[in-house]
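Below: the structure, in structure tokens.
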Amino acid sequence: RNLIGKGLSCLLDVPHANGQEVYRNAHRRLGRFFSYSSQPRGEKNPTLLINSEGQSPRVFLSWNIQINRSFHTSPSLQAAPVPLFWILVKPAQKLFAIILGRSIRNWWKALPPNKRELFKESARKNKWKILLGVSSMGVVFVMFYFTHLEETPITGRARLLVFGKEHFRELSQMEYDMWMEQFKSQMLPETDARYQVVERVVGHLSESNKDIPQVSALKWVIHVVDEPGVNAFVLPNGQVFVFTGLLDAVSDIHQLSFILGHEIAHAVLEHAVKKASLVHFLDFLSLIFLTMIWAICPRDSLAVVGQWIQSKLQEYMFDRPYSRTLEAEADKVGLQFAAKACVDVRASSVFWQQMELAETIQGQPKVPEWLSTHPSHENRAEHLDRLIPEALKIRESCNCPSLSGPDPRLIFRLNMQHLLESSKGREPPNSTRQDPSKPKQDFPHT
């Protein structure tokens, strides 16, 4: 379908299987065999086939969208190394703060008692001047913060930007070279069916959201890594990395589209720049406290403990909560990207419920959310469930085909209920441990 409305292209038409097939697919192995039916470029034909073992292939309508794989590397003399400079200087800043604080402590210890009293008396007399000086420093930091705020694309939220975006993209090119060197022997060729699946999904997402300047401005370059980890990420310069472990973990094309929409949202919203800017700002502020810790603590051992406590407080009070906020924002925007691409957005929360189930079956300990840089799987699923009604409205505004078949969230709940009922009174076997991402072959069906 080629639909025109307010510059939006909602192109994907993914017919649902009937209820029995959807229910059966929920029990199948999460690992899929991908096959590709090649068609001439630009021809709109059913091209994407995803097969399950013992199951007839399902055809998904997809668009042959050519991905521009070229990328431009700035000459070394033109690349401004500002972020790299601050990254290298950061350890030197901490070392300077430690040396300065320790020197102040040793100087105070070496003072005779009468001079110490003179200093204390002078501080009491000039306490308002000292307070004014400290307040002036605080005002400078506040002014710096508010003068470096910009509006986040799409969401409109205020964000702190210390580094220039063009500088950070050049730094991301260095990160890209590092990943390419690490995975150079594991990259799947463009002829691999799994590569073509990712290429079509990313191409369709970018085409459906090309009315957003930040999406159309980037050239999305696909890299599929033969790695079992369930992971994917997108660098700020549009380099997309997807691990085959993620392709095995998703149940259908809808879940894959949402996950890649989430990762594209990170790049479009420039979350890497925001996170680096906040961390740099907080690290600069922490230098004052670091100097005070080494100046006040009577021994080096206590100063080391105080420094560790200060770093952990910063991490768990600012860094990790901010990372979770960015993840929630990427979930929201990624769901909107998927909705405009006519994806079944209801499958988004099911993916995180599956991840929660897999970890439970595997017996992995649950880490409290406040200790993590990401929201818990359960909370992410609940957050997406609250966003799905709005995403369905976006999908409808794009004149997408209506969703047929049962809600995948309902199917998942029925499966879990059936699993619990069938496992009642049965002891799990002690001989071998089943891979949680691959349910048993004899899983009961309806």
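General remarks:
- Gain on full stretching of the segment that runs from ASN399 to GLU359 - 0.36 nm per residue minus C-alpha separation: 10.6 nm
- Annotation: amide H of LYS210 within the under-5 Å range of SER9, sequence separation 5 or more or interchain, hydrogens built in the peptide plane.
- Computed E for GLU190/TYR145 - FRET, C-beta separation, R0 45 angstrom, nearest 0.05: 0.50
- Percent carbon-and-sulfur accessible area, segment 243-297, ignoring ligands, DNA and RNA, probe 1.4 Å: 78
- Annotation: amide H of GLN239 within the under-5 Å range of VAL221, sequence separation 5 or more or interchain, hydrogens built in the peptide plane.
- Estimated vicinal HN-Hα couplings, Hz - segment 335-341 in sequence order (Karplus 6.51, -1.76, 1.60; Gly, Pro = x): 5, 5, 4, 5, 5, 5, 8
- Ordering of 269-280, 100-111, 375-386 by burial proxy (mean other Cβ atoms within 10 Å per residue, highest first): 269-280, 375-386, 100-111
- Packing here is the average count of other Cβ atoms within 10 Å per residue, and on that basis the peptides 305-314, 345-354, highest first, run 345-354, 305-314.
- Mean sequence separation of contacting Cα pairs (under 8 Å, at least six apart), scaled by the length of segment 251-385, corresponds to a relative contact order of 38 percent.
- Extension gain, PHE284 back to LEU88 (0.36 nm per residue minus Cα-Cα distance, nm): 69.2 nm
- Take 233-244, 204-215 and order them by the average number of nearby Cβ atoms within 10 Å per residue, most first; the result is 233-244, 204-215.
- Förster-model FRET efficiency, 60 Å R0, ASN379 and ARG116, C-beta, rounded to 0.05: 0.65
- For segment 99-225, averaging the sequence separation of C-alpha pairs within contact (under 8 Å, six or more residues apart) and dividing by the residue count gives a relative contact order of 14 percent.
- Taken as Cα centroids, segment 99-119 and segment 198-218 sit 62 Å apart, rounded to the nearest whole angstrom.
- When only Cα pairs below 8 angstrom with a gap of at least 6 residues are kept, segment 217-317 shows a relative contact order of 18 percent.
The values are calculated or read from the model by the stated rules, or taken from the named source; none is laboratory data. Here the structure is a predicted model, which is why all the values come from computation and not from measurement. In this analysis, Cβ positions are derived from the backbone assuming ideal geometry, glycine residues included, and neighbour counts consider all displayed protein chains. When the accessible area is computed, the model is the full protein with side chains, heavy atoms only, and any ligands, DNA or RNA have been set aside. Shrake-Rupley method; radii C 1.70, N 1.55, O 1.52, S 1.80 Å.
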